[in-house]
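The values are calculated or read from the model by the stated rules, or taken from the named source; none is laboratory data. Model, not experiment: these values are computed from the prediction. Backbone-built Cβ (ideal geometry, glycine too); neighbour counts: all protein chains shown.
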Amino acid sequence: MKITVKNSLPKRAKSDMLICLISKRDLNIFKKGARRKHALKFLDAVSQKIIRDKCIRLKYDASDLSVMSAELPPPSLLREIVLVGTGESKKGFDGIEIFRKAGGKAYSIAQLAKAKKAVVFPLALDDIASEKFQALIEGLELAEYSFDTFKSKKTRKSHPLSVTVIGKDELPTNLIQRSKANVTATTLARDLINMPSNKCTPSFLVREARKIAASQRLSINVYSKGALKRMGAGALLGVAQASA
């Protein structure tokens, strides 16, 4: 999956779908007379009315990870718009985690629709910290994860997808690099957790740790069985023996 971050929506955006992350407070943009400062501003009046009327008819409340979609008629350049709820505004870890989950939800929606191009846009840009944008990108990338190393029949590959995430002007320039580093680390952790204990042995973990240390020019200390005994690390030795 290719992910691109831009700080504005193209005036003539060509995409299969627009996926908007919307909080309960953001629902005010659908009220008559509301100022169009959000992702919907580039849609024609007919498309805006379709979305607004459907939200009202279905009593869409933007609760956590709730979904509402609407197909848009020509001449709209978008085939479909999808709203993914982020619920009430949250602070701290919960506020970041809901964006990571919403990123995963957006990926699943695009895959189900077999979309080739999708735009992901948090509606209230000014209220969203860069950490939430990073979590959104991580959620998109981690949703691709699968573990089929030991399967005779490999997991079917996902549908090719290009995603453009719309962010603020002041987003850190290394945002994607930081998210990729977190995704790489999380993927490795998931792989190690999913491996059977007769494969993921202490010796295997040492080899993997040494590879990582060498690639990043880090120093590493490996304690032998005798050293662990002298340290009194009986519990650790017991777990290691069970997987040896």
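Within region 59-83, if we keep just the residues that are more than 19 Å from Gly139 (Cβ to Cβ) and acidic (Asp, Glu), the residue that is surrounded by the most Cβ atoms within 10 Å (Cβ to Cβ) turns out to be Glu80.
Any residue at all in region 213-222 that is without any contact (Cβ under 8 Å) to a residue 12 or more places away in the chain, assigned to a helix (DSSP H, G or I) and surrounded by 12 or more Cβ atoms within 10 Å (Cβ to Cβ)? Yes - at least one qualifying residue is present in region 213-222.
Within the set Ala45, Ala13, the sole residue that is modelled with pLDDT under 85 and within 18 Å of Val163 (Cβ to Cβ) turns out to be Ala13. Does Ser179 meet the test of being small (Gly, Ala, Ser), surrounded by 13 or more Cβ atoms within 10 Å (Cβ to Cβ), modelled with pLDDT of 85 or more and not in a loop (DSSP other than H, G, I, E, B)? Criteria met by Ser179.
Here is a check on your reading of the model: is Ile193 over 24 Å from Lys101 (Cα atoms) and free of Cβ contacts under 8 Å to residues at least 60 places away in the same chain? The answer is no for Ile193.
From the list Lys114, Lys168, Lys105, the one residue that fits, being basic (Lys, Arg) and in contact (Cβ under 8 Å) with a residue 60 or more places away in the chain, is Lys168.
Per the listing Glu71, Glu80, Glu88, the residue uniquely among the charged types (D, E, K, R), touching a Leu at 6+ places or on another chain (Cβ under 7 Å) and over 22 Å from Val183 (Cβ atoms) is Glu80.
Here Ser203 does not fit the description of being more than 14 Å from Lys6 (Cα to Cα) and either outside any helix (DSSP H, G or I) or in contact with a Lys or Arg (Cβ under 9 Å, 6 or more places away or on another chain) (or both). Considered as a group, the residues in region 182-211 that are of a type in the set (Val, Ile, Thr) and loosely packed, with under 13 Cβ neighbours inside 10 Å include one that is nearest to Leu142 (Cα to Cα), and that residue is Thr184.
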